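Inspection log for the structure reproduced underneath, given as structure tokens.
The values are calculated or read from the model by the stated rules, or taken from the named source; none is laboratory data. Not measured: the values here are computed from a predicted model. Note that we place each Cβ from the backbone using ideal geometry, even for glycine, and neighbour counts take in every protein chain shown.
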Amino acid sequence: MKSIYFLSVFCCFLIAKSADAQSGCTDPTATNYNPTATINDGSCLYPITHCTAALRGALSPIITESSGLVWTNGKLWTHNDSGNPPEIYSIDTTDGHTLQTVVIDNYPNIDWEDITADNDYIYIGDHGNNDGTRTDLKVLKIAKADITGASVVHVNAQAISFSYTDQTSFASSGTHNFDCEALISVGDSLYIFTKDRGDYQTRVYRMPKTPGTYPLTPYSGYNVNGLITGADYDAATNEVVLIGYLSGHTNSFLWFLYNFQGTMFFSGNKRRIEIGSGKEWQTEGVAYLSDSRFFISCETTDSIPASLYTANKPFVTSSVKDMSSTLRCDVYPNPTTGMLYVDDIEAPTAFRVLNSVGQPILAGNLVKGTNVINSSSCPTGVYFLELQGQNEERSFIRFTKQ
């Protein structure tokens, strides 16, 4: 009887706790932010956001098809696409000229599409599959220790070979879903994102980093409404960025994925940033430089040479944390016509006012007691007051400026 009693009490406790946990959009910068939600269910929606990339320079003439980028150990690496020499290049981040060439002696460049790295190795994705006919897909693994400081270095690679368990037809097709041009390294595994020519979606496959031959089954996917051509992962922020374009190499875009669970990259916030237009721009590579800055590269087309670009992420990645005692306060009036009063601050607190896409508009510090923030210069719209205490705890308060 006692065991039944305690089991009943435990079940009631679990039910009560689950009732307290409410799913919804937990990102204050989203248009459907739910301030009562404590569990992010991946439902956040965002306003259309554009970003302009700044040209650093055209790449060296030997790099006509920059198909991937990775920033590792203070160097930016890229490579050419199919049919070119089996080489990767360290390039100058200020103007794109080549600093070092690494030649892979034991494997050709069949269709190299992306590049990634971890602490000890560089990985090259030889898994381009334009027509859907390839049966020799692989990732090449190169030891960083083999790359000396010489201007030209020769190395050998190990192969991680794979196939798709869900590909049953290898007939040539222009609308198949088994091309893959995006590769990232997360922990002890590699992840590839497909470039679905048939449905404009993407699927995720996971493979070990140990050389061998593996059948891969997709475990996640998302309707990205475009052709994914590159990816990168920022371990510091646990964030993934995807790059791609629409048919005809136009209307380039980025997808930023963050606040996801484990390696279910599409389970959290998914934010699309438009970077292109109706003009041809074959964006193929993307690499984080920091949590807010990244590089982009493109291949040579009739309208533009292979080039290197840089840009700042046009929003602030934020997540709601529980209010601590130092951050409890009263904010009024809401809506406001200009003056926003913040009462009951118990300790010095930094603040920022963010616009609807998460960009900081105002910043300063609040003192103990009552404070006034003048938002008169802000246009009419929805904003977020971000408070950050001395112990790095944060809270967000949504308000409307009339």
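The rows are residues; the columns are (1) in contact (Cβ under 8 Å) with a residue 60 or more places away in the chain; (2) touching a strand residue (DSSP E or B) at 6+ places or on another chain (Cβ under 7 Å); (3) more than 21 Å from Q158 (Cβ to Cβ); (4) not in a loop (DSSP other than H, G, I, E, B).
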| residue | (1), (2), (3), (4) |
| --- | --- |
| S173 | no, no, yes, no |
| H176 | no, no, yes, no |
| E181 | yes, yes, yes, yes |
| I184 | yes, yes, no, yes |
| Y191 | yes, yes, no, yes |
| T194 | no, yes, yes, yes |
| D199 | no, no, yes, no |
| Y205 | no, yes, no, yes |
| Y214 | no, yes, no, yes |
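This table checks each residue for (1) under 13 Å from the mean Cα position of the chain (by Cα); (2) among the small types (G, A, S); (3) within 30 Å of S303 (Cβ to Cβ); (4) assigned by TED's automatic domain parsing to the domain that holds G125.
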{"position": "P208", "(1), (2), (3), (4)": "no, no, no, yes"}
{"position": "T213", "(1), (2), (3), (4)": "no, no, no, yes"}
{"position": "N223", "(1), (2), (3), (4)": "no, no, yes, yes"}
{"position": "G230", "(1), (2), (3), (4)": "yes, yes, yes, yes"}
{"position": "A235", "(1), (2), (3), (4)": "yes, yes, no, yes"}
{"position": "L242", "(1), (2), (3), (4)": "yes, no, yes, yes"}
{"position": "S252", "(1), (2), (3), (4)": "no, yes, yes, yes"}
{"position": "Y258", "(1), (2), (3), (4)": "yes, no, no, yes"}
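Residues that are assigned to a loop (DSSP other than H, G, I, E, B) and closer than 16 Å to Y121 by Cα were ranked within region 150-171; the one that is nearest to the chain's Cα centre (by Cα) is A157.
Identify, please: which residue in region 135-159 is touching a Phe, Trp or Tyr at 6+ places or on another chain (Cβ under 8 Å) and closer than 25 Å to G244 by Cα and is, among those, surrounded by the fewest Cβ atoms within 10 Å (Cβ to Cβ)?
In the first step, residues of region 135-159 are kept if they are touching a Phe, Trp or Tyr at 6+ places or on another chain (Cβ under 8 Å); the result is 135, 137-144, 157, 159.
Pick out the ones that are also closer than 25 Å to G244 by Cα and you get 135, 137-141.
Numbers: T135: 9, L137: 22, K138: 20, V139: 25, L140: 25, K141: 19.
Filtering region 135-159 for residues that are touching a Phe, Trp or Tyr at 6+ places or on another chain (Cβ under 8 Å) and closer than 25 Å to G244 by Cα, the one surrounded by the fewest Cβ atoms within 10 Å (Cβ to Cβ) comes out as T135.
Which of the residues spanning region 261-302 are of a type in the set (S, T, Y) and within 20 Å of T78 (Cβ to Cβ)? Those that are of a type in the set (S, T, Y) and within 20 Å of T78 (Cβ to Cβ): T283, Y288, S290, S297, T300, T301. Every listed requirement among (1) without any contact (Cβ under 8 Å) to a residue 24 or more places away in the chain; (2) surrounded by 15 or more Cβ atoms within 10 Å (Cβ to Cβ) is met by S220 save one, (1). Taking region 112-125 only, how many residues are among the acidic types (D, E), within 18 Å of Y288 (Cβ to Cβ) and not in a strand (DSSP E or B)? Number of matching residues: 1.
Within this structure, D136 passes the test of being in a loop (DSSP other than H, G, I, E, B), of a type in the set (D, E) and closer than 28 Å to L227 by Cβ. Restricted to region 22-111, the set of strands (runs of 3 or more DSSP E) holding at least 1 residues that are under 25 Å from D136 (Cα atoms) comprises 68-72, 75-79, 87-91, 98-104. Counting residues in region 124-133 that are assigned by TED's automatic domain parsing to the domain that holds A231, crowded, with 19+ Cβ neighbours inside 10 Å, closer than 19 Å to G212 by Cα and in contact with a Phe, Trp or Tyr (Cβ under 6 Å, 6 or more places away or on another chain) gives one or more.
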